[in-house]
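For reference, the structure is listed below as structure tokens.
The values are calculated or read from the model by the stated rules, or taken from the named source; none is laboratory data. Predicted model, so just to flag it, every value in this text is computed and none were measured. No Cβ is skipped: glycine too gets one built from the backbone with ideal geometry, and neighbour counts run over all protein chains shown.
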Amino acid sequence: MTALEHEACYTLSRVDSPVFTFASLTVDVAAVPELVALHGVPQPAKHHPEVDTFVHVMMAMEQAMRLSPDPAVHFAVLLHDLGKGTTPKELLPSHHDHEERGAPLVDAVARRLGAPEAWRRLAVDVCAHHTRCHRALEMRPGSIAKLFVYLDAHARPDDFERFLLACEADARGRLGLESRAYTQPAVLRERFEESRKDVEAWNKKYNVRAGSP
């Protein structure tokens, strides 16, 4: 299935239960309870004009396919908001700590689906840290340095780039905000290139240690 066929298949089935093919891995959304649970879960309209979490995830998938042909990115975007399905009803439409609650769900779903290890790891990272990317313009240099350590970015620069693409898809997968200005990935790429000149000095400057953010 080509990227365009993939997107067309998604668009035609969005009102039902999409079936996504990621390279050799097929995911029937209806067979993943953690994704089904996102149907009808409200989000703050200020940040998510589409409101419904499942609709947001499907919109983010559309954006992911436009931004990258990489199935690892698509898979990570599909699972990035699983934590919102576990938010207590009395707290809705806010979803505080959904990243922390979602990471173990993503890990479990990826393992259950038989996803490649690299995809599982990326999907967990995107779930756990996507909101940090969204706040990149407000983050202090030390917090950015910690993010690089959380993501093991210096050891896995290609996955760091995939992480940024997934976060951009999340940011653009919102009703009316598909073409919004989203400069956070550019800022993080710039800081990352600065850090790569001397990783040890960078970490020392911001008091972070590889493996221990």
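When restricted to residues that are out of contact with any strand residue (DSSP E or B) (no Cβ under 9 Å at 6 or more places or on another chain) and in a strand (DSSP E or B), the range 17-47 contains 2.
Here R101 qualifies as assigned to a helix (DSSP H, G or I), touching a helix residue (DSSP H, G or I) at 6+ places or on another chain (Cβ under 6 Å), surrounded by fewer than 19 Cβ atoms within 10 Å (Cβ to Cβ) and touching a residue at least 12 places away in the same chain (Cβ under 8 Å).
For the range 48-64, the criterion of being surrounded by fewer than 19 Cβ atoms within 10 Å (Cβ to Cβ), closer than 24 Å to R120 by Cβ, more than 15 Å from the chain's Cα centre (by Cα) and among the charged types (D, E, K, R) is met by none of the residues.
Across the range 1-30, the number of residues qualifying as at pLDDT 85 or above, out of contact with any Pro (no Cβ under 6 Å at 6 or more places or on another chain) and surrounded by 13 or more Cβ atoms within 10 Å (Cβ to Cβ) comes to 6. Note on the range 108-213: enclosed helices (runs of 4 or more DSSP H) holding 2 or more residues that are among the β-branched types (V, I, T) and surrounded by 12 or more Cβ atoms within 10 Å (Cβ to Cβ) are 117-134, 141-150. With the requirement that a residue be free of Cβ contacts under 8 Å to residues at least 40 places away in the same chain and of a type in the set (V, I, T), what does the range 104-137 give you? V106, V124, T131, listed by residue number. Would you confirm whether or not the range 79-100 contains a residue that is touching a Leu at 6+ places or on another chain (Cβ under 7 Å), under 18 Å from E117 (Cα atoms) and at pLDDT 95 or above? So far as the range 79-100 goes, no, none of its residues is touching a Leu at 6+ places or on another chain (Cβ under 7 Å), under 18 Å from E117 (Cα atoms) and at pLDDT 95 or above.
Here G40 fulfils each of the conditions (1) modelled with pLDDT of 85 or more; (2) loosely packed, with under 14 Cβ neighbours inside 10 Å; (3) closer than 14 Å to F75 by Cβ apart from (3).
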